[in-house]
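A short worksheet on the structure shown next.
The values are calculated or read from the model by the stated rules, or taken from the named source; none is laboratory data. Because the structure is predicted, anything quoted here is derived from the model rather than measured. Cβ placement follows ideal geometry from the backbone for every residue including glycine, while neighbour counts extend to all protein chains displayed. Accessible surface is based on the protein model in full, side chains and every heavy atom, while ligands, DNA and RNA are left aside. Shrake-Rupley method; radii C 1.70, N 1.55, O 1.52, S 1.80 Å.
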Amino acid sequence: MNDYLLTIISNIGMISMLAISAYLILITGEISFGQQAYFGISAYAGSIATTLWGWPFWVSLIFASFLSGITSGLISALTLRINGIYYSIATLAFAEMVRLSLLKFNYQFEIDDEWIGPNGSEGFGEIRWIFENNFSIFEYTILVYFILFILVAFITFIENSKLGMIFRMIGQDPLLAKIQGVKVIQYKILAATLAGVAAGLGGILYAHSFTYIDPQIFNIMLGVHALAYGIIGGLGTVFGPIIGVIIDIGFLESIRVIQGYRMIVFGGLIAIMLIFMPRGILSEKMIHQIKRYFKMNVNV
């Protein structure tokens with residue numbers, strides 16, 4: 001397996017974490033155009049921790065992802081009393097505020113006679129933890145999917161618990177959930193915090209994979225794609241957004257004949273899904289049918 005293919009595979013894993021982040025917001029009934037902000041916050045924070053502060057990678061991973069989660073929870077607490085299009089606009093505004101702030105952010109140390117660290121619009125390079133620790137691309141891909149596996153297992157556990165049921169209840173009918181005693185605002189903040197952590201995990205892994213980041217990476221299109229993956233793959237399970245990522249990055253990007261038209265094809269696919277399958281491929285109904293099928297076959 002060549003390095004290019006491994007890079008695509010690892011990229012699918014990292015972007016899947018961002019897609020899961022948007023998915024967690026979607027199932028609570030809100031649409032966020034700002035999950036790329038937490039992806040970017042973690043990318044910068046984690047890279048600073050390993051490159052400039054000399055922290056171990058796992059400590060930096062926890063620090064950066066939790067920083068993203070806490071930030072997401074705080075922003076959620078400030079915005080969740082509004083909903084619908086107003087919430088979406090608020091998340092987009094915050095993401096753009098973060099991106100524009102990173103364009104002015106300068107924090108550099110002199111290491112081996114070279115200034116290293118975030119330098120505004122010039123970005124942040126020399127994130128060399130992989131090379132300094134003799135990680136091959138294959139080994140790093142394994143690391144990415146190990147973390148993705150843990151994240152998916154955790155979200156699957158939540159989905160099969162009372163908490164997951166509450167998230168979906170809020171997404172279907174927040175007023176009914178409130179009448180039944182569910183503290184809607186608190187649970188939406190919790191979902192947003194978990195979403196921030198998920199995006200954060202992808203962000204720090206992305207930065208260390210490509211060794212260079214700049215603020216323009218974390219633009220609105222990244223957020224739109226993260227949102228679209230759940231719409232395409234389905235909102236019935238955490239595997240839905242992962243399928244969306246595989247279709248876009250794994251399938252559409254690999255077809256050379258549509259290379260120049262990929263965004264048009266992707267946009268058309270979203271439009272078709274919204275018309276004919278508004279809850280995506282793995283919708284709640286589809287997941288229920290799959291579970292029922294397996295249950296009937298096991299009983300037989």
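Looking at S42, S47, S21, can you tell me which residue is within 27 Å of R279 (Cβ to Cβ) and modelled with pLDDT of 95 or more? Break it down stepwise before answering.
Numbers: S42 fails: within 27 Å of R279 (Cβ to Cβ); S47 fails: within 27 Å of R279 (Cβ to Cβ).
It is S21.
Results for (1) of a type in the set (F, W, Y); (2) open to solvent by 20 Å² or more (accessible area, probe 1.4 Å); (3) at pLDDT below 90, shown as yes or no for each residue.
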| site | (1), (2), (3) |
| --- | --- |
| N83 | no, yes, yes |
| I89 | no, yes, no |
| F94 | yes, yes, no |
| G120 | no, no, no |
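Across the range 122-155, what is the number of residues that are charged (D, E, K, R) and crowded, with 19+ Cβ neighbours inside 10 Å?
Filtering the range 122-155 down to residues charged (D, E, K, R) leaves 122, 126, 128, 132, 139.
If we keep only those that are crowded, with 19+ Cβ neighbours inside 10 Å as well, we get none.
Final tally of qualifying residues: 0.
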Taking the range 163-183 and keeping only residues that are open to solvent by 100 Å² or more (accessible area, probe 1.4 Å) and either among the hydrophobic types (A, V, I, L, M, F, W, C) or at pLDDT 95 or above (or both), one is left with M165, L175, I179
Residue among S76, S68 that is among the small types (G, A, S), in contact (Cβ under 8 Å) with a residue 40 or more places away in the chain, touching a Lys or Arg at 6+ places or on another chain (Cβ under 8 Å) and buried (at least 16 other Cβ atoms within 10 Å of the Cβ):
S76
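Out of the helices (runs of 4 or more DSSP H) lying entirely within the range 196-300, which hold 1 or more residues that are in contact with a helix residue (DSSP H, G or I) (Cβ under 6 Å, 6 or more places away or on another chain)?
Details: elements: 220-233, 239-245, 262-276, 284-299.
Here the list reads 220-233, 239-245, 262-276.
Kindly indicate whether L5 is open to solvent by 10 Å² or more (accessible area, probe 1.4 Å) and either on the phi > 0 side of the Ramachandran plot or touching a residue at least 60 places away in the same chain (Cβ under 8 Å) (or both). Let's see the steps before the verdict.
Working: open to solvent by 10 Å² or more (accessible area, probe 1.4 Å): yes; either on the phi > 0 side of the Ramachandran plot or touching a residue at least 60 places away in the same chain (Cβ under 8 Å) (or both): no.
No, not satisfied.
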Report, by residue number, each residue of the range 132-155 that is over 17 Å from I15 (Cβ atoms) and touching a residue at least 40 places away in the same chain (Cβ under 8 Å).
N133, F138
Those residues that are within 24 Å of the chain's Cα centre (by Cα), in a loop (DSSP other than H, G, I, E, B) and not small (G, A, S), I need them from the range 159-188; list them, please.
N160
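Residues are listed down the side, and each one gets a yes or a no for (1) under 22 Å from the mean Cα position of the chain (by Cα); (2) without any contact (Cβ under 8 Å) to a residue 60 or more places away in the chain:
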position: G230; (1), (2): yes, no
position: G240; (1), (2): yes, no
position: G250; (1), (2): yes, no
position: Y261; (1), (2): no, yes
position: G267; (1), (2): yes, yes
position: F276; (1), (2): no, yes
position: G280; (1), (2): yes, yes
